[in-house]
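One structure below.
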Amino acid sequence: MQITEDLILGARFRSSLTGTALLRIFDVGGLVPGRDTLAQAASAIDSASGARIPRYGDPHPAVAGLYANQIDAEPIRGSQTAARVTVRYGPPEVAAIPGAVSIRITGAQNRKLLARNPDGSLIVVKYTDPAGNLLQDRVQIPILSPNTVLEFTRQEPASPLTKSAQYRRTLNSNAWQGGAAKTWLCRAIDGRSLASRATYEVRYLFEYDPDGWERIEYFVDRYTGKIPDDVQFSDGNDKGIAKIQPYALRDYAQLGLPNAY
């Protein structure tokens, strides 16, 4: 087969609000007439130079960030052994492109209980009664916690079901995406099959809380309904304040996701 790329009349480039698109057009000769002639053209390899028609998902050879997302082959009038192939390139957001990762950063409007002041001390409310006795109570204050949400989407060759079961509802065991250990929570790993389950479009969803995901619980005297005045943190959680980590840890580096910062 012979492949000739039309670099002048066959080249198209467009940049707009919706992104960048680029066309490359190839004339392919030496095809075998038959029902699969156009399929031959779409996957042709030049017998002399070894050049080939780009495959779906191939990056553009000169323009970074563009990937082949559509390949069209059509007959050339008057010929049974030649066809014209048009390859369209676009950003990975246009379609699920093998090897390309789409990154999205959003926010989550959450609430949590604040138990410590910025300096690390416990929040205490004090009161002096008419007899001059100083009373105090440890409290937790409900506050807004608008966290950062990080989303990755990419095409993968296998189902993400096992990976989803392993990583969902876990925290990063090591520093990851600019955050310290135990600050990123995996909220979801979702997948959608493409091309009869030959590939999957997989979405990874993580939420970042710089304060971490530990819960702090106080011992409450069952008779008074109050937190004792002498409670404090301890390694064994045996002095009235318990730090509870409800999520298991996983090494997120094993997911092979790129840095987003």
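Computed from the coordinates by the stated procedures, all read-outs in this text should not be read as laboratory data. Everything numeric here is computed off the predicted structure, so don't read it as measured data. A quick note on method: Cβ atoms are made from the backbone with ideal geometry, for glycine too, and the neighbour counts reach across all protein chains shown.
Annotations for the structure displayed:
- Gap separating the Cα centres of segment 99-115 and segment 222-239, nearest whole Å: 34
- Summed over qualifying helices (DSSP H, 4 residues or more, each -39500 (n - 2.57)) and divided by its residue number, the chain shows a 222 nm mean residue ellipticity of -1000 deg cm²/dmol.
- Here the extension length gained between Lys126 and Glu151 equals 4.6 nm, from 0.36 nm per residue of separation less the Cα-Cα distance.
- In terms of its alpha-carbon gyration tensor, segment 42-84 comes out oblate; a/c meets the 1.5 threshold, while b/c is at least as large as a/b.
- Taken over the C-alpha atoms, segment 50-197 has Rg and Dmax values of 27.6, 108 angstrom.
- All lysines inside 27 Å of Lys239 as judged from Cα atoms, apart from same-chain residues fewer than 8 positions distant: Lys112, Lys126, Lys182, Lys226
- Two-site FRET efficiency, Val32 against Glu5, from Cβ-Cβ distance with R₀ of 35 Å, rounded to 0.05: 0.95
- At 0.692 mPa s and 37 °C, Stokes D of the chain from Kirkwood alpha-carbon radius, µm² per second: 139
- With the simple model of a label 7 Å out from the Cα in the direction of the Cβ, Ser159 to Trp213 spans 2.5 nm.
- Projecting the alpha carbon convex hull of segment 80-162 along each direction and taking the average yields 11.7 nm².
- Pairwise FRET efficiency - Asp251 versus Asp72, Cβ, R0 = 51 Å, nearest 0.05: 0.75
- Debye log10 I(q)/I(0) at q = 0.16, 0.21, 0.23, 0.26 Å⁻¹ for segment 1-84, Cα point scatterers: -0.65, -1.02, -1.16, -1.36
- Net length gained if the chain between Ile105 and Asp221 were fully extended (0.36 nm per residue, minus Cα distance): 37.3 nm
- Positive-end residue, segment 80-179 charge dipole about Cα centroid, Cβ charges, pick of Thr162, Ile141, Ile123: Thr162
- For segment 164-209: rounded, prolate or oblate by the Cα gyration tensor [a/c cutoff 1.5]: prolate
- Per residue convex hull volume, Cα atoms of segment 132-261, in Å³: 153
- On the beta carbon distance between Asn174 and Thr20, with R0 = 45 Å, the FRET formula returns roughly 0.80.
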